[in-house]
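Heads up: the structure comes next, in structure tokens.
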Amino acid sequence: MTVAQRCRNWLARFAARSAELSPVRQAGAIPYTVVEGRAVFLLITSRRSGRWIFPKGAPIEGHQPWQVAAREAYEEAGIEGEIEPVSIGSYRTLKRTIPPAFIDVDMYALRMVRQLDDWPERGKRHRHWVILPEAKRLLSDPKLAALAAELDRRLAAQPATVRMSV
């Protein structure tokens with residue numbers, strides 16, 4: 001048995017045991033704009049590993065999940081915009097802590113209205129606007145790529161008069 005197979009087996013056993021525990025819920029934003037009729041997504045790097053992700057964060061007392069998602073987009077990516085109050089979907093990720101913990105993240109579409117030159121985590125992250133094929137290539141989690149594809153599909157289905165161009 002290879003090391004990779006052993007790791008997968010351990011992760012499967014860990015996941016089965018952890019399924020009994022209630023995973024932590026977080027909220028995230030999928031920042032986007034429409035340029036010449038095409039959706040463009042904003043990716044950011046994670047602070048620890050530098051992987052490409054979307055902004056996300058822990059619940060904030062007194063705030064709805066979509067409000068948390070919008071706040072995380074501001075703090076982590078320097079983006080302000082119009083956030084949808086209904087989740088586009090969710091994904092489960094394994095937080096690389098000791099001990100590891102599962103996190104379920106509800107993702108909300110956020111149409112960018114303003115991009116700031118200065119924001120709270122500017123020196124800790126990079127940001128990068130991409131079209132869907134590049135987002136699929138760069139995103140560290142295939143589930144995030146699937147959510148971006150779902151948003152892209154929904155935006156493409158809207159009449160051109162509803163889509164805003166930059």
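Can you tell me which residue among Asp152, Asp106 is buried (at least 18 other Cβ atoms within 10 Å of the Cβ), over 21 Å from Gln26 (Cα atoms), in contact with a helix residue (DSSP H, G or I) (Cβ under 9 Å, 6 or more places away or on another chain) and not aliphatic (A, V, I, L, M)? Please lay out each step first, then the result.
Numbers: Asp106 fails: over 21 Å from Gln26 (Cα atoms).
Unique residue meeting the criteria: Asp152.
When you go through (1) closer than 19 Å to Arg25 by Cα; (2) crowded, with 19+ Cβ neighbours inside 10 Å one by one for Leu139, which number turns out not to apply?
Here Leu139 meets the rest and fails (1).
What are the pairs, 6+ residues apart or on separate chains, where a residue within segment 89-107 that is over 15 Å from Pro55 (Cα atoms) has its Cβ under 7 Å from a residue that is of a type outside the set (A, V, I, L, M, F, W, C)?
Leu94/Pro100; Ala101/Lys95; Phe102/Ser18; Phe102/Pro23; Phe102/Arg92
Suppose we filter Leu11, Leu42 for residues that are surrounded by fewer than 14 Cβ atoms within 10 Å (Cβ to Cβ) and either at pLDDT below 85 or closer than 25 Å to Pro133 by Cβ (or both); which single one remains?
Leu11
Filter segment 82-135 down to the residues that are among the acidic types (Asp, Glu) and farther than 17 Å from Asp152 by Cβ and list them by number.
Glu82, Asp104, Asp106, Asp117, Asp118, Glu121, listed by residue number.
When residues of segment 52-65 are filtered for being surrounded by 15 or more Cβ atoms within 10 Å (Cβ to Cβ) and either of a type in the set (A, V, I, L, M) or over 16 Å from Leu147 (Cα atoms) (or both), how many remain?
Of the residues in that region, 3 qualify.
Please determine whether any residue of segment 70-80 is aromatic (Phe, Trp, Tyr), buried (at least 18 other Cβ atoms within 10 Å of the Cβ) and in contact with a helix residue (DSSP H, G or I) (Cβ under 7 Å, 6 or more places away or on another chain).
To start, the set of residues in segment 70-80 that are aromatic (Phe, Trp, Tyr) comprises 74.
Remaining after also requiring buried (at least 18 other Cβ atoms within 10 Å of the Cβ): 74.
Among the residues that remain, those that are also in contact with a helix residue (DSSP H, G or I) (Cβ under 7 Å, 6 or more places away or on another chain) are: none.
The answer is no; no qualifying residue exists.
Only strands (runs of 3 or more DSSP E) wholly contained in segment 52-142 count here; list those with 2 or more residues that are modelled with pLDDT of 95 or more and under 12 Å from the mean Cα position of the chain (by Cα).
89-95, 101-115
The values are calculated or read from the model by the stated rules, or taken from the named source; none is laboratory data. These figures come from a predicted structure and were not determined experimentally. With ideal geometry, Cβ positions are generated from the backbone for all residues, glycine too; neighbour counts draw on all protein chains shown.
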